[in-house]
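Below is one structure, written out as structure tokens; the observations come after it.
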């Protein structure tokens, strides 16, 4: 498969995944097609050597794994971690409200998006609905509106003369509500929204109890550049890493390696990961322990397995943008289409250290893939990832890596075509490693 074809698969994956809940379903479909079996956290697990399994927690976090036939205490777990959520806007519980002759959709900021990029886009919403079934149980159902329903029009320059000099500044409470419709005397806002929601869910209005809805850009991903060497889409941070990890896991040579392979994709990274389904929760430790228990390992052997384990914490990195040279550490600029980026920070904002860094470099060399090293400007606060908290919680060695991209946290991000294939190749080497 060509590098461009692999990116096209990524764009198709993102376009099918307008919310974390949809992303998990899209990955679940790929796993089922590869003969993986779904497990439930509420049931006993019977795991076979060579077996392929996955488990979902609360619809938006998923862990897929292959039970290796090698001794777990001697070989450990080989883990790839990423996150399913992206920064953006979430719809408030009382969604619609009237303002003059218009109906506006109230939204809350999720994480740290570049808010100005949400203006003048063809927006809609998707997510999950919680409802009471005919049997009286609380169940969930995904919902997605394909058509453009929402918009955040810019204020004309005639009324905001300094916008080009000072940048667009939006008050999160008063200037972010999205335009939805002309107001109607025949329908109250809550009634209109309820009818809209149930039209997609095929439920009765009285069944719907609550919802979690994500605003998304309806424009599909695309290639660009003189040689079509770049691509753009929403949610590259971090669905691109999820797709790369899943692609590596489903590689047949990795599946036959004999290693115990794990892909853990968490929700809530963009808001701190401190939740039942976040990387700072119990989902991954619980799953790893249950794999060990299903293989009849004692506690000491499980701890030995953790000590032999390694994790790739994969999240996107900041590519050099030549229009803003002073934003970057001059000796640590990284570029798109130049290979995976190893992220380094002395204050442990990343989990990388010299040994894990060297190990990742060796896998890159084995895969014949170039690599780069990134360090943030010392006078600008550095972001973080799931790497430090996960490696600390489990006591396993970890390295923070990712592909370089532009416009991180914009509603429209860009990256290089070559890098996606590079990352998949390194991940495959990691999964197949026999050391």
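Quick note: the coordinates plus some simple rules give every number you see, no bench work behind them. As the structure is a prediction and not an experimental result, all values here were calculated from the model. For neighbour counting, all protein chains shown are included, and Cβ atoms are generated from backbone atoms with ideal geometry for every residue, glycine included.
At R0 = 30 Å, how high is the FRET efficiency between residue 166 and residue 219 if r is their beta carbon distance? Nearest 0.05 is fine. Approximately 0.65, to the nearest 0.05.
Checking the a/c ratio against 1.5 first, then a/b against b/c, what shape does the Cα gyration tensor give for region 88-217? Because a/c hits 1.5 or more and a/b exceeds b/c, region 88-217 counts as prolate. Going by a ≥ b ≥ c, the root eigenvalues of the Cα gyration tensor, does region 145-198 fall in the rounded group (a/c under 1.5), the prolate group (a/b larger than b/c) or the oblate group? Here region 145-198 falls in the prolate category. Computed on the Cα trace of region 156-252, the radius of gyration divided by the Kirkwood hydrodynamic radius gives Rg/Rh = 1.10.
With the cut-off at under 17 Å, measuring from each backbone N in region 128-144 to a point 7 Å along the Cα-to-Cβ line of residue 108 picks out 128-130. Sorted from greatest to least, the principal axis extents spanned by the alpha carbons of region 302-389 come out as 50, 31, 18 Å.
Going from the fewest other Cβ atoms within 10 Å to the most, the residues 54, 350, 110, 77 appear in the order 110, 54, 77, 350. Structural descriptor for the chain: relative contact order 23 percent, calculated from alpha carbon pairs under 8 angstrom and at least 6 residues apart. Please check which bits of region 119-133 a label hung off residue 175 would reach, taking the label as a point 7 Å along Cα-to-C-beta and the cut-off as backbone N under 15 Å. 119-120, by backbone N distance to the label point. Counting neighbouring Cβ atoms within 10 Å and putting the fewest first, the residues 360, 193 line up as 193, 360.
If you model the chain as an ellipsoid using its alpha carbon gyration tensor, with each semi-axis the square root of five times an eigenvalue, the axes come out at 37, 29, 18 Å, biggest first. Considering only 122, 286, 379, the Gaussian network model of the chain with Cα springs below 10 Å gives its largest mean-square fluctuation to 379.
Projected label points at residue 290 and residue 159, each 7 Å from Cα along the beta carbon direction, are separated by 5.4 nanometres.
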